[in-house]
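Chemist: Let me give you the structure first, and then I'll get to my questions.
The values are calculated or read from the model by the stated rules, or taken from the named source; none is laboratory data. Since the model is a prediction, treat every value here as computed from it, not as a measurement. Every residue, glycine as well, gets a Cβ built from its backbone with ideal geometry; the counts of neighbours run over all protein chains shown.
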Amino acid sequence: MQNPEIQDQWKSGRKLLAAVGPGPNSDQIVHWVRLLADSLNAPWSVLYVEGARVLAEEAQARLSRNLALAREGGAEVITTSDDDVVRGLLRVAAQRNITGIIVGKTVGGPFWKRLPRDWMLRRLIREGGPIEIHVVPVQGTMPSRGTASSPRPTSNLKVSSIMQYLAALATVAVVTLTAFLCTPLIGSQATALIFLLSVVVLALFVPRGPTLFAAAMSALLWDFFFVPPIFAFRIARIEDIMLFGVYVVIALVLGQLTARIRAQEEAERLREKRSTALYLLTRELIEATTLEQIVQRAAHHLEATFKARVVVILSDPAQWDQFHPDSDKLAGDEGHAAAWVLQNGRPAGRFTDNFSMAGSFYVPLATGRGAVGVVGLRLSQSSSPTIHQLNLLDAFAQQIALAVERHRLQQVSEKAKLLDESERLSKTLLDSMSHEIRTPLAAIKSAAGNLSELTAAASSGPQKAMIAEIQEATERLNRLVGNVLDITRLGSGNVKPRLNECDVAELVNLAVAETEQELAGHLLTVDIAPGLPVVPMDFVLMQQVLANLLSNAARHTPPGTPVHVAASVEHDSLLLVVADHGSGISHSLLPRIFDKFYRAPNASTGGTGLGLSLVKGFVEAQGGRVTAENGAEGGLAFTIRLPLCKTPSRPVSLVSAQPSP
């Protein structure tokens, strides 16, 4: 729509807009639109068009309930200001690309009450263009203006106070007395200008109702006291009749326009105040660098704007359980209301139907991933919040929630960056150290072998033992360096298994022979099922996997402990099991047993915690899976599952865990 500059509604998808107001039957419209939106699987919004007239307290409460009902139903609540209801509806519909507008029509009633409603509906249909207009028959009456289906108020006395009407009457009386005394000097026709001036000035201070009342009274009094024949509601000359008619029209129009301009000015001033408050809050939240500053500044602006005591409760107790300068822990109805809001993401507390006995009004700090906290306001006013206050509070809550979420994401980003740098440094260090150590290690191993051959006949018992110890330590160090190199390769994703058809029995026998010296003090049993098929695997990697598991069983179990190796076929997988009958491991530690550099708290000295990480990486590189669990009779059992079908060769990167502290 933006690229081709499409100005009209484009039915790219159904979007519904319902016009509601403070009437008692607006809830029927909300329920009807919700059902229609669910059946069409379409998003829907609710619009309240605010006119220049001020709503009474009862009407304001009904409007708040209707809009709250729409929010709970999943609607987007929109408010706009316009003296022309139809114009406001169509303007919002054009901005939101609405395809259907739903309005209500009250059934029955006198003709003079139905006429304004019918005229507004006909105009809406005529000017709506391609927008669908759905007219919903509702029961009851809508006594206040604000939607396309609501009748005009029958009397402005419900809005303006009696004191304002008395003030208007007193002003007209004073002007009449003054003009009557000045008539010999200025003439009867000039007094009309004084009356017009009084109506215009009066409209600057009182609402529309008293202004129109003053215009009508001034016309009657001017006719009675100044237009011949005097002291009679009768006009003798044609020119006086025309002058009186023009005066009445001008007085009513000037009073109406002045009152409308004043109402618009007040509305603009209110919107400017809300915009300024929202701007100041947003600026303060952007400048805040810590969570404490975010909460403090949010509470300060909420207190200053709504003249209320504020409590901010965040959902993460590890960061902030609650904030307020002089607040105690929430308990009773307050605590239940706050917890309910945090769980359900809807307002509760005072002025609502949920936990209405609470003393504060609670709203959620909602984000895309749910509520991150709750804001509670103990308002000083006895009446329910106006629609302007609710809209501003909703905007405040969204900005605070976004600030809290931004702080959380910033912390996560910093931790991820730190972990990434730590991982990169560790990889570089391990790679550098492993290669630097392997060269002198090879020299030591070669020298020890040559020394053993040269002194084979002349060496005494202690010398031979020392040479054997050097060779054993060299072999152990060589295996450790090999593990470090392998884990570095896994971490960089450079392990590419070469899958070939291998004999499982040969694999198990070679792994047992490689660890024969380490398992010399254990009771080893090997159980290979007969008739095993050849399995596609990387023979070298799987030999190292079994050797690491057997070495792990030998190191972490006392001498004489039975160790069992088994190979069998289950469904479409090869099962390799290495089990011991030692003390096992705690169930809480099992999820971390394959992490890099992780060693159990009761593990014996020696080792780096890389062997099992290599096992997991090598097995998964071949499309397999390895698990660890405690045996029913004690000990720890490792189970490897390899698919019998050939798996494509693929490089694998081992996801490393943070080293254990």
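Chemist: Taking Val206, is it within 17 Å of Leu254 (Cβ to Cβ), surrounded by fewer than 21 Cβ atoms within 10 Å (Cβ to Cβ) and within 60 Å of the chain's Cα centre (by Cα)? So that I can check it myself, show each step before the final result.
Modeler: Details: within 17 Å of Leu254 (Cβ to Cβ): yes; surrounded by fewer than 21 Cβ atoms within 10 Å (Cβ to Cβ): no; within 60 Å of the chain's Cα centre (by Cα): yes.
For Val206, the condition - within 17 Å of Leu254 (Cβ to Cβ), surrounded by fewer than 21 Cβ atoms within 10 Å (Cβ to Cβ) and within 60 Å of the chain's Cα centre (by Cα) - is not met.
Chemist: What do you reckon, is Val227 surrounded by 19 or more Cβ atoms within 10 Å (Cβ to Cβ) and either without any contact (Cβ under 8 Å) to a residue 12 or more places away in the chain or more than 60 Å from the chain's Cα centre (by Cα) (or both)? Spell out the reasoning first.
Modeler: Numbers: surrounded by 19 or more Cβ atoms within 10 Å (Cβ to Cβ): yes; either without any contact (Cβ under 8 Å) to a residue 12 or more places away in the chain or more than 60 Å from the chain's Cα centre (by Cα) (or both): yes.
Yes: the conditions hold for Val227.
Chemist: Which residue pairs have Cβ atoms closer than 6 Å, lie 6 or more positions apart in sequence or on different chains, and pair a first residue in region 269-287 that is outside the structural domain of Arg297 (by TED's automatic domain parsing) and in contact (Cβ under 8 Å) with a residue 24 or more places away in the chain with a second residue that is assigned to a helix (DSSP H, G or I) and among the charged types (D, E, K, R)?
Modeler: Every condition considered, no pair remains.
Chemist: Right, another one. Would a scan of region 351-361 turn up a residue that is more than 26 Å from Ser81 (Cα to Cα) and charged (D, E, K, R)?
Modeler: yes
Chemist: Need pairs with beta-carbon distance below 7 Å; first residue over 16 Å from Ala215 (Cα atoms) and within region 176-189, second aromatic (Phe, Trp, Tyr) and not in a helix (DSSP H, G or I); sequence gap 6+ or separate chains.
Modeler: Matching pairs, first to second residue: Thr183/Phe226; Ser188/Phe226.
Chemist: Filter region 528-554 down to residues that are β-branched (Val, Ile, Thr) and crowded, with 23+ Cβ neighbours inside 10 Å and give me whichever is nearest to Glu629 (Cα to Cα). Outline the logic, then answer.
Modeler: So the first thing to find is which residues in region 528-554 are β-branched (Val, Ile, Thr), and the list is 528, 534-535, 540, 545.
Checking which are crowded, with 23+ Cβ neighbours inside 10 Å leaves us with 535, 545.
Working: Val535: 25, Val545: 17 Å.
Ranking the candidates gives Val545 first.
Chemist: Looking at Arg378 and the list (1) surrounded by 19 or more Cβ atoms within 10 Å (Cβ to Cβ); (2) in contact with a Ser or Thr (Cβ under 7 Å, 6 or more places away or on another chain); (3) within 28 Å of Thr290 (Cα to Cα), which single condition is not satisfied?
Modeler: Of the numbered conditions (1) surrounded by 19 or more Cβ atoms within 10 Å (Cβ to Cβ); (2) in contact with a Ser or Thr (Cβ under 7 Å, 6 or more places away or on another chain); (3) within 28 Å of Thr290 (Cα to Cα), the odd one out for Arg378 is (1).
Chemist: Can you tell me which condition Trp222 does not meet? The list is (1) crowded, with 22+ Cβ neighbours inside 10 Å; (2) touching a Gly at 6+ places or on another chain (Cβ under 6 Å), and all the others hold.
Modeler: Condition (2) is where Trp222 drops out.
Chemist: Take the conditions outside any helix (DSSP H, G or I) and out of contact with any Asp or Glu (no Cβ under 8 Å at 6 or more places or on another chain) and apply them to Ser218. Does it pass? Even if it seems obvious, please write down each step before you answer.
Modeler: Numbers: outside any helix (DSSP H, G or I): no; out of contact with any Asp or Glu (no Cβ under 8 Å at 6 or more places or on another chain): yes.
Spelling it out, it is not the case that Ser218 is outside any helix (DSSP H, G or I) and out of contact with any Asp or Glu (no Cβ under 8 Å at 6 or more places or on another chain).
Chemist: Something else about it: Which residues, counting only those in region 520-540, are of a type outside the set (Val, Ile, Thr), in contact with a helix residue (DSSP H, G or I) (Cβ under 7 Å, 6 or more places away or on another chain) and farther than 11 Å from His564 by Cα?
Modeler: Within region 520-540, Leu532, Phe539 qualify.
Chemist: Answer yes if at least one residue in region 178-194 is under 60 Å from the mean Cα position of the chain (by Cα) and among the aliphatic types (A, V, I, L, M), and no otherwise. Spell out the reasoning first.
Modeler: Step one: filter region 178-194 for residues under 60 Å from the mean Cα position of the chain (by Cα), giving none.
Scanning region 178-194 turns up no residue that is under 60 Å from the mean Cα position of the chain (by Cα) and among the aliphatic types (A, V, I, L, M).
Chemist: Given the conditions (1) touching a helix residue (DSSP H, G or I) at 6+ places or on another chain (Cβ under 7 Å); (2) within 21 Å of Pro364 (Cα to Cα), which single one is not true for Leu270?
Modeler: Failed condition: (2).
Chemist: State all residues of region 342-380 that are in contact (Cβ under 8 Å) with a residue 24 or more places away in the chain, farther than 25 Å from Leu47 by Cα and either among the aromatic types (Phe, Trp, Tyr) or assigned to a loop (DSSP other than H, G, I, E, B) (or both); if no residue qualifies, say none.
Modeler: Of everything in region 342-380, those that are in contact (Cβ under 8 Å) with a residue 24 or more places away in the chain, farther than 25 Å from Leu47 by Cα and either among the aromatic types (Phe, Trp, Tyr) or assigned to a loop (DSSP other than H, G, I, E, B) (or both) turn out to be Met357, Ala358, Gly359, Ser360, Arg369, Ser380.
Chemist: Just checking, does region 555-564 include any residue being over 14 Å from Leu636 (Cβ atoms) and assigned by TED's automatic domain parsing to the domain that holds Glu629?
Modeler: Pass one, region 555-564, residues over 14 Å from Leu636 (Cβ atoms): 559-560.
Checking which are assigned by TED's automatic domain parsing to the domain that holds Glu629 leaves us with 559-560.
Looking through region 555-564, at least one residue is over 14 Å from Leu636 (Cβ atoms) and assigned by TED's automatic domain parsing to the domain that holds Glu629.
Chemist: Condition first: in a loop (DSSP other than H, G, I, E, B), within 24 Å of Thr525 (Cβ to Cβ) and modelled with pLDDT of 65 or more. Now tell me which residues in region 577-609 satisfy that.
Modeler: Initial filter on region 577-609 (in a loop (DSSP other than H, G, I, E, B)): 581-586, 593-609.
Okay, now just the ones that are also within 24 Å of Thr525 (Cβ to Cβ), so 581-585, 593, 604.
Hits for region 577-609 are His581, Gly582, Ser583, Gly584, Ile585, Ile593.
Chemist: Select, from Val508, Val484, the only residue that is modelled with pLDDT of 85 or more and either in a helix (DSSP H, G or I) or basic (Lys, Arg) (or both). Before you say what the answer is, go through the steps one by one.
Modeler: On the way: Val484 fails: modelled with pLDDT of 85 or more.
Result of the check over Val508, Val484: Val508.
Chemist: Moving on to the next point. What tally of residues in region 407-442 results from selecting those that are among the aliphatic types (A, V, I, L, M), surrounded by 11 or more Cβ atoms within 10 Å (Cβ to Cβ) and modelled with pLDDT under 80? If you could, list the steps in order and put the result at the bottom.
Modeler: Taking region 407-442 first, the residues among the aliphatic types (A, V, I, L, M) are 409, 412, 416, 418-419, 425, 429-430, 433, 437, 441-442.
From the residues that got through so far, the ones that are surrounded by 11 or more Cβ atoms within 10 Å (Cβ to Cβ) too are 419, 429-430, 433, 437, 441-442.
Imposing the further condition that a residue be modelled with pLDDT under 80 reduces the set to 429-430, 433, 437, 441-442.
Number satisfying all stated conditions: 6.
Chemist: Also: Just checking, how many residues over region 513-559 are small (Gly, Ala, Ser) and in contact with a Leu (Cβ under 7 Å, 6 or more places away or on another chain)? I'd like the intermediate steps shown before the answer.
Modeler: First pass over region 513-559, keeping only residues small (Gly, Ala, Ser): 513, 520-521, 529, 531, 547, 551, 553-554.
Those still in the list that are in contact with a Leu (Cβ under 7 Å, 6 or more places away or on another chain) too: 554.
Total satisfying the criteria: 1.
Chemist: Before we move on, is Phe244 more than 30 Å from Ile400 (Cα to Cα), of a type outside the set (Val, Ile, Thr) and in a loop (DSSP other than H, G, I, E, B)? Give the steps one after another, and end with the answer.
Modeler: Working: more than 30 Å from Ile400 (Cα to Cα): yes; of a type outside the set (Val, Ile, Thr): yes; in a loop (DSSP other than H, G, I, E, B): no.
No, not satisfied.
Chemist: Could you say whether any residue in region 170-182 is assigned by TED's automatic domain parsing to the domain that holds Val249, at pLDDT below 80 and of a type outside the set (Phe, Trp, Tyr)?
Modeler: Filtering region 170-182 for residues assigned by TED's automatic domain parsing to the domain that holds Val249 gives 170-182.
Add one more test, that the residue is at pLDDT below 80, and what stays is none.
No, region 170-182 contains no residue that is assigned by TED's automatic domain parsing to the domain that holds Val249, at pLDDT below 80 and of a type outside the set (Phe, Trp, Tyr).
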